[in-house]
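A short worksheet on the structure shown next.
Just so it is clear, none of the values below were taken in a lab; they were calculated from the coordinates. Because the structure is predicted, anything quoted here is derived from the model rather than measured. Positions of Cβ are generated from backbone atoms using ideal geometry, with glycine treated the same way; all protein chains shown enter the neighbour counts.
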Amino acid sequence: MNTFDALGLSDVLLQSINDMGFETPSEVQAKAIPLLLDQETDLVALAQTGTGKTAAFGFPMLQKIDVDSRITQGLILSPTRELCLQITQELKNYAKYIKGLNVVAIYGGASINDQAKNVKRGAQILVATPGRMQDMLRRGMINLSQVEYCVLDEADEMRNMGFYEDITSILANTPNDKSTWLFSATMPKEVAVIAREFMYQPQEITVGHKNAGTKNVSHEYYQVSGRDRYPALKRLADAHPDIFSVVFCRTKRDTQRVAEKLIEDGYNAGALHGDLSQNQRDMVMKAFRNKQIQMLVATDVAARGIDVDNVTHVINYQLPDEIETYTHRSGRTGRAGNKGVSMIIVTQSESRKIKTIEKIIQAKITPKKIPTGMDICATQLFHLANKIHQTEVNNDIDAYLPKVNEVLADLSKEELIQRMVSVEFARFHNYYKNAKDLNSNASSAESSSGKTKPNKKDSTRFFINIGARDDYNWMTLKDFLKATLELDQEEVFHVDVMDGFSFFNTPNAHREKVISTFDFFELDGRPINVEISEKREKSKGGKKKKGRPHRKFDQSDNGFFNDKKKGKKRKAGKGDKPSGFGRRKRR
Ligand code: ADP
Ligand code: MG
């Protein structure tokens with residue numbers, strides 16, 4: 001017996017609801033299901049993410065279509081491929097006991113002919129991304145003339161992606177008297193326009209506040225300086241050893257870079273963004289669902305609507321351009337009754353936005369401190385202890401145990417624990433023992449304590465891609481470097497400014513700091529590149545490269561500099577893959 005019984009759903013649906021373990025309808029389900037079963041009406045339903053909107057339209061649609069007919073009667077439009085596949089899968093789960101029902105996913109990046117074949121076999125319901133649907137309509141592969149129910153899911157995302165025209169032309173292929181159901185988490189004015197243009201006297205269901213975030217999510221923010229974003233991310237991850245998270249970046253480039261860095265640094269991370277092939281995206285999503293990936297670094301568009309259970313944390317590596325998008329991000333966690341945390345990494349200049357977000361989500365965002373190196377070591381230590389405690393003993397080791405016991409015989413239990421834990425703990429401890437405080441008000445005080453006396457011989461020469469052309473002279477460039485790197489007057493020297501680039505030295509001790517500071521650095525929207533000048537590299541006997549020192553930089557037909565120029569041009573045009581990408585020195 002469960003409370004879905006009262007909604008008027010058929011036995012076959014109730015049976016699968018039971019199988020899925022749904023006990024109580026969510027609010028949007030309780031409101032939408034009886035209404036849609038009972039009436040032929042247009043509907044606008046607003047409910048926060050993770051409240052079960054898919055079932056709110058899925059159940060009524062499945063019940064209302066005629067399974068004996070093979071004609072397409074239901075059409076669901078969704079903004080992304082991932083979402084499209086997810087809805088299709090959900091519907092298939094719901095329809096487990098409905099014989100003869102076919103749901104087909106229509107999305108770009110996979111074989112159009114295979115999809116057409118599946119449709120031809122008789123699909124009562126199509127779940128489609130607008131682009132591919134348009135394509136198939138143009139080629140006459142799909143007939144929407146008998147559609148009775150049309151769903152616009154995650155409608156607020158459709159507007160961002162210029163789907164408006166696609167929707168217009170797709171819906172032109174459907175009958176006028178169909179019912180249109182629009183589901184959305186938020187109601188920006190563009191969605192109101194869609195509702196007005198495509199719907200006839202829609203009923204409206206609103207669950208909670210319009211544009212409100214979910215109650216299961218708590219919100220935290222961490223203020224750091226811009227260059228500490230990445231180290232801060234790592235600390236947040238290290239402080240939560242069991243983290244299973246979506247990390248949001250603003251651009252595809254940052255998404256790719258952050259994911260690459262994390263992987264390089266030994267995290268189970270993956271990137272999800274629109275420049276990846278369909279196949280790559282599928283693989284990443286599969287690995288994430290299987291929890292092989294603990295940190296999914298994603299753009300807003302790519303991660304929109306994704307429903308993966310048990311995401312523990314959403315990390316806003318950068319805030320979204322549109323503050324409303326925050327709701328969608330934080331909605332990736334705290335799903336299906338679980339608790340979740342949404343973390344925001346901000347710089348001082350962005351911290352005003354926190355107030356704005358608080359207003360939109362109508363919830364408090366708590367200021368928090370990035371854990372110190374020692375906090376993390378402690379967390380990891382207890383994590384390890386718990387892990388040992390919970391580990392299931394593998395009996396394959398039995399044969400070796402007597403010998404192992406012999407080796408360890410002279411150690412007391414206390415000593416044994418001490419040593420065992422040290423083995424694992426040492427890794428974090430070595431990394432963090434001299435780590436600085438990343439909280440932005442503290443960082444300047446710390447860095448001066450780690451100061452090194454400059455000495456030309458023990459210094460590193462760097463190349464930087466700004467110069468006289470950018471209105472720098474040696475003095476202003478030195479000031480810029482000092483301020484950015486938080487170094488003293490005498491710690492930046494031999495500053496030589498050329499037209500399009502420059503060189504400078506810092507003590508070897510600051511090498512890592514210089515590289516990591518400029519790793520994701522942008523100046524007025526332009527990526528700044530800093531690399532160790534080859535002369536030094538060579539004299540250290542590190543890398544064998546042919547040619548005179550600096551050759552790479554001063555020949556204008558050579559890769560690096562050329563690339564940069566192209567990059568600039570491209571940047572102004574399309575959001576293409578940036579130049580210099582992947583050229584970063586591996587460390
Ligand atoms: P939304 O579209 O509102 O963001 P989804 O439809 O993706 O939410 O559902 C979120 C999750 O909640 C899914 O995993 C879904 O299976 C689950 N779910 C939906 N309805 C219920 C329910 N009544 N009880 C328990 N879990 C549910
Ligand atoms: Mg949804």
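Take the alpha carbon gyration tensor of the stretch 360-427, find the square roots of its eigenvalues, order them as a ≥ b ≥ c, and report rounded if a/c is under 1.5; if not, report prolate when a/b exceeds b/c, else oblate.
Details: a/c = 4.83, a/b = 2.41, b/c = 2.01.
In terms of gyration-tensor shape, prolate.
Any chance you could check the Cα centroid distance between the stretch 1-62 and the stretch 117-155 for me, in angstrom?
What the calculation gives is 23 Å, centre to centre.
With each pseudo-label sitting 7 Å past Cα toward Cβ, what's the Asn430-Arg526 distance in nm, one decimal?
It works out to 4.1 nm between the two label points.
Per residue of the chain, what 222 nm ellipticity follows from adding -39500 (n - 2.57) for every DSSP H run with n ≥ 4, rounded to the nearest 500? List each step's numbers first, then the result.
On the way: 24 runs with 242 residues, N = 587.
Calculated mean residue ellipticity at 222 nm is -12000 deg cm²/dmol.
Using only alpha-carbon positions, what ratio does the radius of gyration of the stretch 64-181 give when scaled by 2.2 N^0.38 Å? Don't skip to the answer; put the middle values down first.
Numbers: Rg = 13.1 Å, N = 118, 2.2 N^0.38 = 13.5 Å.
Ratio of Rg to 2.2 N^0.38 Å for the stretch 64-181: 0.97.
Over the stretch 236-365, what portion of Cα pair distances is larger than 24 Å, expressed as a whole percent? Could the numbers behind the result be given before it?
Working: 1927 of 8385 pairs.
The answer is 23 percent, as a whole percent.
Treating the angle as unsigned and between 0 and 90°, give the value, to the nearest 10°, between the Cα long axis of helix 81-94 and the longest Cα principal axis of the chain.
That helix lies at roughly 40 degrees to the long axis.
Compute the distance from the alpha-carbon center of the stretch 465-497 to that of the stretch 387-412, in whole Å.
So the separation of the two Cα centres works out to 58 Å.
Run through the stretch 29-91 and list the GluC sites (Glu not before Pro) located in a DSSP loop whose Cβ has at most 14 other Cβ atoms within 10 Å. Please report the intermediate quantities before stating the final value.
Numbers: sites: Glu40, Glu82, Glu90; in loops: Glu40.
When the GluC sites (Glu not before Pro) of the stretch 29-91 are filtered for loop state and at most 14 Cβ neighbours within 10 Å, Glu40 remain.
To the nearest 10 degrees, how steeply does helix 474-485 sit against the main Cα axis of the chain, on a 0 to 90 scale?
For 474-485 against the chain, the angle is about 60 degrees.
Where does helix 53-64 land angle-wise versus the long Cα axis of the chain, in degrees 0 to 90, nearest 10?
The answer is roughly 30 degrees.
So how many Å³ per residue does the convex hull of the Cα atoms of the stretch 280-428 work out to?
Working: hull volume 27.0 nm³, N = 149.
Enclosed volume per residue, from the Cα hull, is 181 Å³.
Can you pick out the pairs among Lys368/Lys436; Lys291/Lys368; Lys369/Lys436 whose Cα atoms lie more than 19 Å from each other?
Numbers: Lys368/Lys436 17 Å; Lys291/Lys368 27 Å; Lys369/Lys436 13 Å.
Beyond 19 Å: Lys291/Lys368.
If you place +1 on the Cβ of every Lys and Arg and -1 on the Cβ of every Asp and Glu, how big does the dipole about the Cα centre of the chain come out, in debye to the nearest 20? Let's see the in-between values first.
Details: 88 positive and 75 negative charges, 617 e Å.
Charge dipole, the chain, about its Cα centre: 2960 debye, nearest 20.
Please give the per residue volume of the convex hull enclosing the alpha carbon atoms of the chain, rounded to a whole number of Å³. Please list the in-between numbers first.
Working: hull volume 126.7 nm³, N = 587.
Considering the Cα atoms of the chain, their hull volume per residue is 216 Å³.
Any idea how far apart Glu350 and Val404 come out in nm if each label point goes 7 Å out from Cα toward Cβ?
Between Glu350 and Val404, the label points sit 4.6 nm apart.
Looking only at the stretch 198-334, where both bridge partners belong to it, what percent of the DSSP beta bridges are antiparallel (to the nearest 5)? Mind showing how you got there, number by number?
Values: 0 of 12 bridges.
Of the beta bridges lying entirely in the stretch 198-334, close to 0 percent run antiparallel.
Out of the chymotrypsin sites (Phe, Trp or Tyr not before Pro) in the stretch 137-194, which ones are loop residues according to DSSP with at most 12 other C-beta atoms within 10 Å?
Working: sites: Tyr149, Phe163, Tyr164, Trp181, Phe183; in loops: Phe163.
The qualifying sites: there are none.
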